[in-house]
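One structure follows; several queries about it will come next.
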Amino acid sequence: MATTACFIIVSRNDIPIYEAEVGSTVKREDAAHLHQFILHAAQDIVQDLAWTTSAMFLKAIDRFNDLVVSVYVTAGHTRFMLLHDSRNDDGIKSFFQEVHELYIKTLLNPLYLPGSRITSSHFDTKVRALARKYL
Amino acid sequence: MDPANTPLGRMLLDEISPVVMVLTTPLVDEACQKNGLSFIEMLSPFCVFNNIDVPVRTASDQPYRLQKFKLRLFYASDIRQPDLQVTKERLKEVITKAGEEESLNLHLDAPQPDDLLSRSESEVLPSWFKFFNKELIRTLSFSDHEAFDHPVVCLLVVSSKDDQPVNRFVDLFNTDQLPSLLNDGAMDPKIHKLYLLLHDNQDAPPEKATKFLSEMKSTFGANALQLLCINSSRDGLVEHLENPWTLYKSDALSTHSLGRFLNKDDVNEIKDLTQDLASKHVIPSMEEKVRVLNQQVSATRKGFRNQIKNLWWRKGKEESLDASNGPTYTFSSTESQIRVLGDYAFMLRDYELALSNYRLISTDYKLDKAWKRYAGVQEMMGVTYFMLNHSRKEAEYCMENAFNTYLKNVPAGHQNATRCGLWWIEMLKARDQYKEAASVYFHISGEESLHSAVMLEQASYCYLYSKPPMLRKYGFHLVLSGNQYKKCDQIKHAIRTYQRAISVFKGTTWSYIKDHVHFHVGQWYAFLGLYDAAVVHMLEVLMCAHQSKTTQELFLKNFLHFVQKAGKACEVLKLPLPIINASSLKVVFEDHRTYASPAAIGVRESLWRSFEEEVIPSLPTARTNWLEVQSKPISRKRKESNVCIVGEAIQVDVEFKNPLQISIPLTNVSLICELFERSDEAQTDASTSSELQNNEHINLTAERLMNFDKSSFALSDVDCTLESGSTTMVKLTVTPREEGILNIVGVKWRLSGSVVGCYNFLTTTMKKTATRKKKQKRSFTDNLKFEVIKSLPKLEGLIHTLPEKVYAGELRHLTLELSNMSEAAVKNLKMKISHPRFLNIGKAEHLKVKYPTCLEKRTDGEQTGSLAQPIEGSDSVFHFPNDIVVRKDSPLSWPLWFHAAVPGNISLYIVLYYEIEDAESFMKYRTLRMFYNLEVLPAIDVSFQISPLPSTLQKFLVRMDVASRTSLEDFQIHQLSSLGSQWEISLIDTLFHPPLLMSAQAFTCFLMLKRCEKPKGSDEVSSLTPCIGGDVKLSPNDDGESLYDISLSPLSDFHNCERLHQEKPSQGDSDTVDFVLISRRVHSESGSGVSYSPCLLSNHACHCSISSSSPISWAVEGPREIHHNFSASFCEVSLRMTLYNSSDAVASLRVNTLDSNQSGFLLSDSSAVLPTNQEGWYNVSLESEIKVTSDVRGTILNSLSSESIRPIIWSGSSSTKLQLEPSSTVQIPLQVCIFCPGTYDLSNYVVQWNLQWPIDQGNEETRPNSGTCPGYPYYITVLPSS
């Protein structure tokens, strides 16, 4: 499992709708904003790259020092962004695919408004379990 | 694109140019200092030649012409590697100075990214970036692995004042004073020398100098010696139009005084000198050197043989190498010479030649693992490719290669990497590859904070200018850079970068980013003492529910601290903390509707309306009609706004929400209001409507309101503490003191005792479609606008001693107290109660009575006179007597009776209507709304089961089951009363008394109900009038308490209500009976929470049906005990059966007597089955249970029945058939013959009945049409008479 990993889902209008620190290290207070900064900045690259490929998984697209940003873009241009420090492309890809499935299930919920914050605790526990499994 | 015209090209031409080493005597400098310049500074402006036009011939035979050229002059003492520390200090100074200038712009808003993009790059970038980069590059000059800083020519300058100038020239070029680089062999010490004699015209006429010159010419040769005369101007007042020196003097203190002694001739002379220097000395010597070196290199290295040899030689050398640095190369080594050749060729713009040499040498250095030199050569190759303007890829590859080699393989190669990176960046920028350039900037940022800050900031601008603009990266790098600036105390720069970043992140939902940026900028502003700006930024981070508790505390603490520091009683508008839930806003005011308690306010308006409908006069009559002209215009206006009354508070409920994890104290929470005289109304209407159109005005209004004259109304001040994550409803009131128009504008509060925040209801709610529960049609703002009218009397009502919890059945005596606080009196009181079943209005004389004794039956038989009159309808309005007027000092008390009819939660609504005596007032009437919520606990359950007594038709057996439903209280059953004229009730066993009803217990008792003979002509007497025998005392003994008279007012009133509520359909009046069970609570110290008072509990059971399941009842009458002499004959007994048809239809009956085996049991002991007065009721079923006593006398049942000898047979007709009219009786005779003594049960007959309904009533399936009833047990004992 990666020591540092921050998973975030960004809606198509650039609003983070789900955030989770899934690394094994204890969450540091000052790291939260750094992670957001890195992921936020990485979107500049995502917006270019997303149109160059038909694959949803964009691999590692950006890095900051030893932190790497991997991105998965759904068909609706919701972006799953993972900031991590370990190189495990296959694991990350599986992670993204499973989270995508979860996300679709969330979307199917008639009470969930697409683009709004995902507050489901079930979703949260599932994502964390997947992170433990794959990252 | 001409590479030479790109920024990189210009930079390279500038920096990579021939170096002239200058050696001077002190007197030379002295002469120059008169102009405020050093010798080099004096010459520098004239060392740049834009159109020198010199033919150059290098390796090839084809000459070409140089147009632009530049010389760099250095003192010999400066020809060494610059001190890094000094450079750093200087850079820091520059940046600090730039920061100071920046402070002027701190207050301005940062330019928007779009703004920046529309402007050109050079405008946006701070000018000191260029300087900073240049200085960084210069820190690397005179490094030992590069040759372009090697001095080409040495200029020796001696003043004409020096004695023996010739000797001075010799001394100057003493090896001791020469730079170490020349001495240790890195540079070629054999330099072309040029001698210059400087003459100061102020000291002596030029003739002296020419004399020296001619002397020296013989020594040094004519070409190598020059004369320069300066300071020709004697008064020192030469004004240069464009002072050429300002650019070269870094710390220009007095730029206009520079070169004040140099007149035009002097300047021209200097120009000639430098031109001469360049074209006649520098270029030719370089040409020569290039040619010489080229020949050497060709001889040793070019050609196949040389290459093989070279490779072989290097391989052999490999083992002895010092791995880290590679071999040291002196100027005479072949490698160094190739490098020099390349650099010279580069400086002479023969890029092809330079490139071929760089290529050649780079492989050598690589093989030698001389990484620094290798990287240096790669770097130059990249630059040369660029200048040649072909093969981009090659150029970039070389730069990258050099860059990485510097970083990885060269110890302390960071400086070199920086320069390489800067060149590389310029190269990328020249090709519009901003994104790549940014990442290079990022890589060269390094550890040193100031350096990295500048680099990161430059990186951010690269992102901004990349296509398409990468704004998020731009913001991120600005923040990174600002962070670094902060680390090296460049606060102002930090703020500048963050400010620009904020413009990118504006409106972001990335919470941590927003908090970080605003918090830091806020802190830095505070650090600079700009607390106002700090507060503005801290406001942004107050809503930080996502942060941890400590962070939230930190934010809030800082904010409060800054606010305090900012001085002034800071009125912060739009304070985001706490959150105000605008939709929860609730306004409670009293116009003609007044409320007795807050609970009454919470009741739905529609509910009150429905209650009030009957009480208040209908609207058109109460309001104006068209004839009342004088009040019409006012009322129309008033219709538009709510009405409130001077001196009566308007309450506004505002919901505050604290999203943080820390509790926040709020003090001085109050409303913001404005009150206008009525004449101002039109004007203010206009002004408010215009104010609503722009927010700025509203802020102004709010500020104006803060200082509004507060004498005309009173505001309540509330202090509260909002716990973490909690929502608190705060009730605020405003009480107008004058008539006029009152506007409730907003709410303000003081946070943590220091910051005042306010919230404007109008601005926020205007956007929403305002709906409030009271008036849907009106907009929200109208609900906050009140017409204040002059004071009116207002009744305040209170019901004394109304308990919150009571037991079901409790009957209590209450007092309603109405008081009037104002001078004016009120009259015409009316009252309506929602549940007359629970609450009954008493009579005036009830006020002073002693309860419960007042309800006791008078033994003297004299009626109290308050016999209940049946009330007209359950929901009618009670009119107080007309003469009742409530004045100020005379509160009105009125008795009320409360009866807790059924368990559960009961909401009692009471509406009191009153009219105002003062006829001139705007409002004719007002209503007082009272609301009480009670909890009625279950206490006693009583149920009655009535079955006709088999023996008689007029008597009924009443089984009363009494159960206690509470576990906390004991009850004493006092009395049971039956209502109705024709009923009389009595205990079956007069000695039986029901025990004290303990908690959660039950008992059963049996009573006898007897139908009285109906007196003739009393049919029209109401059934409510009880006859004398209607009460049974059930209390244990004669404790002096008499029976209660249930016909007295409250009891009978409540009973009527109960009757109405318990009414069942299709019940004949004569077939039902009402019971009232009166009991009392035994006082105990229980914790039930129900206050004890000596009161009665009355349970009403109405409409208890006396009819059995069959519509036909009958009774068999006859002797019970007969003495007969059986020896004479058998015994013949005559019986009489009376049949009664209780149904509405004609019944055809058939009575069959049966003589079958199954019936007619002989019972051994008659006493065993006789009904006793034992407690408890058992359904005696003879078929299943036969009580046989121990002393069996005579026969056994089984044997007897098997014998089938029946000692008893029916005689007479075995089947009688007859018709019976509704509600009529008929008697038929029966006869039975008994053959031997014993006790017999004569139940072996069957009554079959068949009802013949009239046709129009028929087909009701609920009623049985026919049936068969077995006979009742009838015991007859026949004893032998002997």
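Going by a 1.4 Å probe on protein heavy atoms, which residues of the stretch B:493-509 end up with at least 30 Å² less accessible surface in the whole assembly than in their chain alone?
B:T509
I've got another one for you. From the P(r) of the stretch A:5-134, could you give the percentage of C-alpha pairs in the tail past 25 Å? Mind showing how you got there, number by number?
Working: 1438 of 8385 pairs.
So the portion of pairs separated by more than 25 Å is 17 percent.
Could you please put B:R90, A:R63 in sequence from largest to smallest accessible area, using a 1.4 Å probe?
From most accessible down to least: A:R63, B:R90.
Give the ranking of B:T550, B:T6, B:T735 by solvent-accessible surface, highest area first, calculated with a 1.4 Å probe. Show your work: numbers first, answer last.
On the way: B:T550 95, B:T6 10, B:T735 35 Å².
The residues order as B:T550, B:T735, B:T6, largest area first.
Using only the Cα atoms of the stretch B:331-570, build the gyration tensor, take square roots of its eigenvalues as a ≥ b ≥ c, and label the shape rounded, prolate or oblate: rounded if a/c is under 1.5, else prolate if a/b is larger than b/c, else oblate. Don't skip to the end; give the middle numbers.
Values: a/c = 3.59, a/b = 2.88, b/c = 1.25.
Since a/c reaches 1.5 and a/b is larger than b/c, the shape of the stretch B:331-570 is classed as prolate.
State, to one decimal in nm, how far the label point of A:S121 lies from the label point of B:T210, with both points 7 Å from Cα in the Cβ direction.
About 10.5 nm separates the two model spin labels.
Then there's this: Ignoring everything but the protein chains, give the 1.4 Å probe accessible area of B:F1130 in square angstrom, nearest 10.
Counting only protein heavy atoms, the figure is 100 Å².
If you don't mind, another one. Give the calculated FRET efficiency between B:V1146 and B:Q1001 to the nearest 0.05, with a Förster radius of 41 Å applied to their Cβ-Cβ distance.
Here the calculated transfer efficiency is 0.30.
Taking the Cβ-Cβ separation of B:A1128 and B:L1154 as r and a Förster radius of 22 Å, what is the calculated FRET efficiency to the nearest 0.05?
0.20
Continuing with this model, one more query. Taking amide H positions as placed in the peptide plane 1.01 Å from N, state which residues far from B:A1002 in sequence (5 or more) or on other chains have amide H under 5 Å from it.
B:S964
Describe numerically, in nm with one decimal, the distance between label points set 7 Å from Cα along Cα→Cβ at B:N5 and at B:C1236.
15.2 nm
Follow-up question, since we're still on this one. About the Cα centre, and with charges only on the beta carbon of Lys, Arg (+1) and Asp, Glu (-1), how big is the dipole of the stretch B:331-570? Nearest 20 debye, please.
Details: 28 positive and 21 negative charges, 144 e Å.
Value, rounded to 20: 680 debye.
Something else about it: How big is the accessible area of B:S1134 in square angstrom, nearest 10, if you roll a 1.4 angstrom probe over the protein chains?
Surface accessible to solvent at B:S1134 totals approximately 70 Å².
Another question, then. Hey, with R₀ at 35 Å, roughly what FRET efficiency would B:A824 and B:I662 work out to, going by the Cβ-Cβ distance, to 0.05?
Between B:A824 and B:I662 the formula returns 0.10.
Given a 1.4 Å probe and no ligands, DNA or RNA in the count, how much accessible surface is buried by A and B, both sides, to the nearest 100 Å²?
The summed interface area works out to 2100 Å².
While we're here: Counting only protein chains, not ligands or nucleic acids, how are B:Y434, B:Y461, B:Y397 ordered by accessible area (probe 1.4 Å), most first? Let's see the in-between values first.
Details: B:Y434 25, B:Y461 5, B:Y397 140 Å².
Sorted descending by solvent-accessible area, the residues read B:Y397, B:Y434, B:Y461.
Also, quick follow-up: On full extension of the chain, what length is gained from B:Q85 through B:A224, given 0.36 nm per residue of separation minus the C-alpha to C-alpha distance?
46.2 nm
Can you send over the solvent-accessible area of B:M729, 1.4 Å probe, protein chains only, in Å² to the nearest 10?
90 Å²
Same structure again: Fully extended, how many nm does the chain gain between B:T363 and B:I988 (0.36 nm per residue separation, minus their Cα-Cα distance)?
My answer for the length gained is 211.7 nm.
Using 0.36 nm times the number of residues separating B:V170 and B:E135, minus their current alpha carbon distance, what extension gain do you get? Please report the intermediate quantities before stating the final value.
On the way: separation 35, 0.36 × 35 = 12.60 nm, distance 3.44 nm.
Taking B:V170 through B:E135 to full extension adds about 9.2 nm, to one decimal.
Kindly provide log₁₀ I(q)/I(0) values, in the same order as q = 0.14, 0.21, 0.25 Å⁻¹, from the Debye equation applied to equal alpha-carbon scatterers of the stretch B:514-595.
-0.53, -0.94, -1.20
Another one. Which parts of the stretch A:88-132 would a label at A:N13 reach, counting a residue when its backbone N lies under 14 Å from a point 7 Å out along Cα-to-Cβ?
Backbone N within reach: A:113-117.
Between B:E352 and B:S584, with labels modelled 7 Å along Cα→Cβ, what's the label distance in nm to one decimal, could you check?
So the label points at B:E352 and B:S584 sit 8.5 nm apart.
Distance cut-off 22 Å, Cα to Cα: go down the list B:K68/B:K190; B:K1010/B:K1033; B:K70/B:K134 and report the pairs above it. Please report the intermediate quantities before stating the final value.
Working: B:K68/B:K190 27 Å; B:K1010/B:K1033 16 Å; B:K70/B:K134 17 Å.
With Cα atoms farther than 22 Å apart: B:K68/B:K190.
The values are calculated or read from the model by the stated rules, or taken from the named source; none is laboratory data. Everything numeric in this text was worked out from a predicted model, so none of it was measured. Virtual Cβ from ideal backbone geometry, glycine too; neighbours counted across all protein chains shown. The protein model used for the area step is the full one, side chains on, heavy atoms only, and it has no ligands, DNA or RNA in it. Shrake-Rupley method; radii C 1.70, N 1.55, O 1.52, S 1.80 Å.
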